[in-house]
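Please treat every number below as a calculation from the coordinates, not as lab data. Since this is a predicted model, take the numbers as computed values, not measurements. Please note: Cβ atoms are built from the backbone with ideal geometry, for glycine as well, and neighbour counts cover all protein chains shown.
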Amino acid sequence: MSHKILVYDSEGAHKLCMATSNRPSVLLHPPLPEVEEALAPLARVRSEPRLGDFLARLGDQEWRAAVLGLVGDAQEWALLPRIPSALSSGVLVVTHPDPTVNRVLEAEAAGAAALLSHPPDPHRLRAFLEPYLVEEGDHPIPPRVAGEERVVGTSPALTEAYRTVARVADSMTTVLISGDSGTGKEEVARALHRRSGRRAQPFVAVNCAALPEGLLEAELFGYERGAFTGAVGRSDGRFGRAHGGTLFLDEVGEMGPLLQAKLLRALEGGEIERLGSGETVRVDVRVVAATNRSLEERVEDGGFRADLLYRLSVVRVHLPPLRDRTQDLLPLAEHFAALFGERHGRPVRAFSRLAVEALRRRPWPGNVRELRNVLDRATLLARGGVIRSVDLGDPGAPPGLAAGGGGWEDGYPPHLSLREVEERHLRRVLSHTGGHLGEAATILGIHRNTMTAKVREYEIDPRDSDARIEGEMGG
Amino acid sequence: MNDATPPRRSLRLEGILALLPASDALRPLLDHLVETSRPDPARRWSVGGELGTAGTRLVDMDGLRETGVSVARTEARRVERHLQRAVAVIAAAAEGRGEGVVEALLEEVGALEGEGRLEDARAWAEAAVRETFASGSSRGGEALRLAARCARGLGDLQAARSLYEEAHLRSLALGRRVDAVIAATGRGNVAVDQGRWEEAEEWYGKALTLIEEGSAALPPAEARGLRWRLYQNLGITHRERGAFDSAEGWYRRAAETSGAAETSGAAGVEVRDPAAGVEVENGWGQLELARGELRKAELRFRRALAALGTGRGGEGSVAVRVNLGEALLRQGRTLEAGEVGREAEAEALRGGWLRRVPEIYRLLADVAHARGEPEAFVFLDRALALVRERGLPPYEEALTLETLAGLRDAEGEVEAGADAREAARQIFRRLGVRLDPNEDHRSSRKGEGDEP
């Protein structure tokens, strides 16, 4: 995209250049030579010494960014709400010598992306602005249709999974859904329920890996008051609550042997017994189970009952990992961006090209769940309705770093020294391993002692989370 | 390593706990394993991982033997200090030095409190109280106050009330004005724990009067330290009474007095107490939270964390993170709230502040519930187990049961919810916590309010 630009020349004279250029432009008030110098490689900077002129010009131009220093009295600050909403696709940064909480909020209300201390640190400002200067929104995100329920994705694997769902939904057949963590197994289970004759009855889910065995038994089958320590009341259990509907047993492979036996009896006889009660209760429940590991292998190593596996897996549905169905990635990203944009009241209209590239590059070990989380956060961070690569986050990035791309190929900006890249990468890997040095050393292919030495050299606290930046807006 | 040695797996904490007998003597080792444990990366993206509690964290087997030796050495040093202090008490008594006996006893109270051994600390403080009476020591008020503080920490609020009152009177009788001020502040804090706001304000007022009356005799820095905490505490009571404007006035006074005023940068006011910045921002954040100004609250809590610096922030940072998590949760930012909750959990476990874990798990339960997880209650179940296993203060159990009641209600388990709520109320009544007239919820602000 090209822009009309205002050129700032080094002798202090400004002239309007009506030609088009691919270089983004930044409007700055008051003039700060260090900031101009820092931004020069990325953008054309127009410094405007008079506040009134700055405000007037803000509306004339398609500025990609504007930096407004309000260093005068309270009257000057009071002008903030009058800033024209001309930066719909750009970013406004306000600076002030005393960025108090109230000022941060007032700046935010005026549409500013950040309130920084004045004068701003040129390098920090550049790092903040960089993604806005180099990325535009050129992959539109279709708006969400209210109340729409649809399968997102067109890959053959997903299509096949949902074909199976359609075929068996309206029966009592047990279904076993397999796939890695985060592939969307519960969504498939819900689709089975929605398309069945039980749709008006409850869909009840239980995650077998989340609960210790004793607690899982109580949750599944219910309990009477005082049946065990902590049973402060009576519970019908998930089987009881799912009566007439569907019970989804997620991560069923994590169930212990005693509970497997009890589940098998419930499946075969359609009866359960609450803990602490001698009564049996008949339940009409369709069971759908899911697993993220091979149950056949669990049967082989004696960890899972073969008869229960047979009972649970009359029909099977498999969901491959996201990396193996790349054609679903963008539709899912668009879906989540629209969903969370709506939910957070921050609608987004496009991904930048680099954001799309970043999405495609990531390995997504957490599959759809990870993608969902990334987009949840990105919609909060996005400015001007555009999700940029920086908004997709990088949990290992040091504070203030424009992370996850931002105009560079490998996740690091090109002006960094090797030493800086090493430090950043060490931090990223340590964040990934939760601060575990041994694991980080394995990933990096270095000896643990070398890892320890490097952590010392760069003064990295492996357990530290990212520091917060005072005055900067988080969302 | 011998090639034939099979690779050693990392074990889950809950597995290790199940292997060993429940014994207090093993606590130092288990505490160390908790502090050095880490989340299981294999569970990172599963729902089970999202709902994982401390028990599902992994303990690495590398260097375990050395760990055992190191923990044993640390424990030996602690036991040695403890016994030497007992010897010092006996020796001072044999020499007829009553003040020496009191001094040795109170020093050990401080050390034990620092180690989180509040039961032991309370026993030593009570021994000190007896000795101050017997020897006519001038530190009688101080000994009573420390016993009161231990009782409060243990959740024995009724005992703490009377001990603080006694400490206040005895300090006045002994002419120890600062001790009397601190005891009155502590007594007010217990009233806050019990949701008795007017009573708390009365005690804080007494403390302030004592400071003003004796300001000439108090060193300025000490008077300032006492004042700003009282202003801060008055901010809490006014906030809880819904008097937000006057609460803000108290917070502002606290900020100005401590030197942590927001305008410090511009006005060039000297920041005299770095801890004040954290506490004032945190308190102010809670005021904004109560007002429903969630974004303001969030920024206040973030500033409190920034004031803590980039290093390990101590137990206070756990509390700030929990507050920040709540501010994010109430804005519907469940993902960030969960992350902040996990940071708080990691920090509490690393720092050995297990008493903070129940409040973190209450936050994580609320976050998981808001994200539609039916297993959200697992955090509360683990929190209740922790309270019982570790003998944590009973209000932790009550607050957790209250959260559980809300979750059970939301799941449609109304009967279980009502029972949990009633169990919580019984504990609150036992603690002397004032319940709201409609008894829908209690009025306690557990653990808020601080003494110098």
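Below, the figures for the structure above:
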read-out: Cα pair count fraction exceeding 38 Å, expressed as % - the protein assembly as shown; value: 53 percent
read-out: Largest-first principal axis extents of the Cα set of the stretch B:10-159 (Å); value: 63, 36, 21
read-out: ³J(HN,Hα) computed for each position of the stretch B:314-331 - Karplus, 6.51 cos²θ - 1.76 cosθ + 1.60, integer Hz, glycine/proline x; value: x, 4, x, 5, 5, 4, 5, 5, 4, 5, 4, x, 5, 4, 5, 4, 6, 8
read-out: Pairwise centroid distance, computed over Cα atoms, of the stretch B:26-88 with the stretch A:69-83, Å; value: 54 Å
read-out: Summed side-chain charge close to residue A:90 - residues other than residue A:90 whose Cβ falls under 11 Å, Lys, Arg +1, Asp, Glu -1; value: 0
read-out: Sequence of B:132, A:452 once ranked by neighbouring C-beta atoms within 10 Å, starting from the fewest; value: A:452, B:132
read-out: Positive-end extreme of charge dipole, the protein assembly as shown - chosen from B:427, B:32, A:204 (charges on Cβ); value: A:204
read-out: Amide proton proximity set for residue A:271, modelled H, under 5 Å, gap of 5+; value: A:283
read-out: Compactness index (Cα Rg / 2.2 N^0.38 Å), chain B; value: 1.04
read-out: Under 5 Å, built H, 5+ apart or other chain: amide partners of residue A:65; value: A:25, A:27, A:91
read-out: Separation of alpha-carbon centers, the stretch A:247-294 and the stretch B:177-254, rounded to whole Å; value: 57 Å
read-out: Part-to-part distance (alpha-carbon centres) for the stretch B:368-440 and the stretch A:437-456, which is given in Å; value: 44 Å
read-out: Volume of the Cα convex hull of the stretch B:133-285, divided per residue and given in Å³; value: 115 Å³
read-out: Charged-residue dipole, Cβ positions (Lys, Arg, Asp, Glu), the protein assembly as shown about Cα centre, Debye nearest 20; value: 1200 debye
read-out: Percent of beta bridges antiparallel (DSSP, the protein assembly as shown, rounded to nearest 5); value: 30 percent
read-out: Hull shadow area, averaged, the stretch B:114-211 [alpha-carbon convex hull, nm²]; value: 5.8 nm²
read-out: Beta bridges per DSSP with both ends in the stretch A:199-352, % antiparallel, nearest 5; value: 30 percent
read-out: All-pairs alpha carbon distance profile, the stretch A:183-287, 10 Å steps from 0, percent; value: 16, 47, 32, 6, 0
read-out: Derived scalar couplings ³J(HN,Hα) [the stretch B:363-378; Karplus, 6.51 cos²θ - 1.76 cosθ + 1.60; whole Hz; x for Gly, Pro]; value: 4, 5, 5, 5, 5, 4, 5, 5, 8, x, 7, x, 8, 3, 5, 4
read-out: Karplus (6.51, -1.76, 1.60) ³J(HN,Hα), θ = phi - 60°, over the stretch A:295-304, in Hz, Gly and Pro reported as x; value: 6, 4, 5, 5, 5, 4, 8, x, x, 9
read-out: Placed amide H near residue A:350: partners under 5 Å, 5+ positions off or other chain; value: A:141, A:387
read-out: Cα-based equivalent ellipsoid of the stretch B:158-215: semi-axis lengths in Å, sorted from largest, via gyration tensor; value: 19, 13, 6
read-out: GluC sites (Glu not before Pro) restricted to the stretch A:91-163 and DSSP loop, no more than 16 other C-beta within 10 Å; value: A:148, A:149
read-out: Whole-number percent relative contact order across chain B, with pairs defined as alpha carbons under 8 Å at least 6 apart; value: 12 percent
read-out: Neighbouring partner chain Cβ atoms per residue of B:343-349, average, 10 Å criterion; value: 1
read-out: All-pairs Cα distance distribution in the stretch A:42-144, expressed in whole percent, bin size 5 Å; value: 2, 11, 23, 25, 20, 11, 4, 3, 1
read-out: Spread of Cα-to-Cα distances over 5 Å intervals beginning at zero, given as percent, for the stretch A:214-274; value: 4, 18, 28, 26, 17, 7, 0
